[in-house]
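**Q** Structure below; questions to follow.
The values are calculated or read from the model by the stated rules, or taken from the named source; none is laboratory data. Computed from a predicted structure; not experimentally measured. Because the Cβ atoms are built from the backbone with ideal geometry, glycine has one as well, and the counts that use them run over all protein chains shown.
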Amino acid sequence: MKDYLSLIEAALDRGSAAFELPELFLRSMRYSLLSGGKRIRACLCLACCELMGGQAEDALPFAAALEMIHAYSLIHDDLPAMDNDDMRRGKPSSHKAFGEGNAILAGDGLLTMAMRLLCDVPGQETAKKAVFQGALEMAAGQSLDLNVTARDLPSLQRIHDLKTGALFRSACLSGAYRGGCDQAEAEKTRLFADKLGLLFQMTDDLLDRDKDAAENKLTYVTLLGTEETRRQIDSLRSDIHGILSEYSGEAAAYLAALTDRVAVRNV
């Protein structure tokens, strides 16, 4: 089975240390960026590149940029003005460790660093656009979540299609474009990414169902019930395996195994 994590961690360490920046500013960015995590979006990027016949190393700048964007989104999401979370991945969130002002700047810096990193990649405009589009849509989803109260399934789906799904799409599409996919393969990649993003969100809602119920938060579980949510997770998982069955090789096997891990995860 593919092991992308060592490639990704090295690229993040190398990429975030490549610029001369004030010590506190850089340390606050690296604090959140290098704090671990599943690196699902970066792994998707590398695997989709290989699925289309490319080399994982060719997609590393895109994978690193996606993790920088994801880290920035988590820093800002934890702020008191947003979700007000004091802990992230088992340690104090950025604003608790560095203060709110420095946390905001760390998020700003990571987003900008991601874009700067991709400037060094020659060509690949379609893959770059996929990353930039994902960052914009993710922020739009955050805005909807902050300002619009989801009251039914369509409004909930709209929020999560942007807030969660956008970076899944940009990860898969940027990797696929870097691997040389054609338009038909790009559409299949988009479908795979959309289904996986929804699967990820539904399993998230299952994991948080007690906390969400206590907060009276609208989720897939509160709308559909636990059993129907589980049924839809199984259906999405089956659909994704159907898409991947058209491919062979290690990357396809990796993506199938990743899908299974997402479907049954408990953290």
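**Q** Kindly check whether there is at least one residue in the range 246-254 that is at pLDDT 95 or above, within 17 Å of GLY53 (Cα to Cα) and under 18 Å from the mean Cα position of the chain (by Cα).
**A** Yes, the conditions are met somewhere in the range 246-254.
**Q** Pairs please, first residue from the range 249-265 and touching a residue at least 24 places away in the same chain (Cβ under 8 Å) and more than 16 Å from LYS38 (Cα to Cα), second anywhere and assigned to a loop (DSSP other than H, G, I, E, B) and of a type in the set (A, V, I, L, M, F, W, C), Cβ atoms under 8 Å, 6+ apart in sequence or on different chains.
**A** GLU250/MET1; ALA253/MET1
**Q** Condition check: touching a helix residue (DSSP H, G or I) at 6+ places or on another chain (Cβ under 6 Å), not in a helix (DSSP H, G or I) and not β-branched (Val, Ile, Thr). Does GLY37 satisfy that?
**A** Judged against the criteria, GLY37 is not a match.
**Q** Quick one: in the range 127-153, of everything that is basic (Lys, Arg) and outside any loop (DSSP other than H, G, I, E, B), which residue is surrounded by the fewest Cβ atoms within 10 Å (Cβ to Cβ)?
**A** My answer is LYS129.
**Q** Another question, if that's okay. Could you give me the residue pairs with C-beta distances under 8 Å whose first residue belongs to the range 80-102 and is closer than 26 Å to LEU144 by Cβ and modelled with pLDDT of 95 or more, whose second residue is part of a helix (DSSP H, G or I) and among the aromatic types (Phe, Trp, Tyr) wherever it lies, and which are 6+ apart or on separate chains?
**A** Filtered contacts from the range 80-102: SER94/TYR31.
**Q** Next up: Would you check if LEU46 is in a helix (DSSP H, G or I) and at pLDDT 95 or above?
**A** yes
**Q** Limited to the range 85-121, what total is found for residues that are loosely packed, with under 13 Cβ neighbours inside 10 Å, farther than 22 Å from ALA64 by Cβ and among the charged types (D, E, K, R)?
**A** Within the range 85-121, residues that are loosely packed, with under 13 Cβ neighbours inside 10 Å, farther than 22 Å from ALA64 by Cβ and among the charged types (D, E, K, R) number 1.
**Q** Within the range 221-248, count every residue that is touching a residue at least 24 places away in the same chain (Cβ under 8 Å), hydroxyl-bearing (Ser, Thr, Tyr) and more than 21 Å from ARG41 (Cβ to Cβ).
**A** 1
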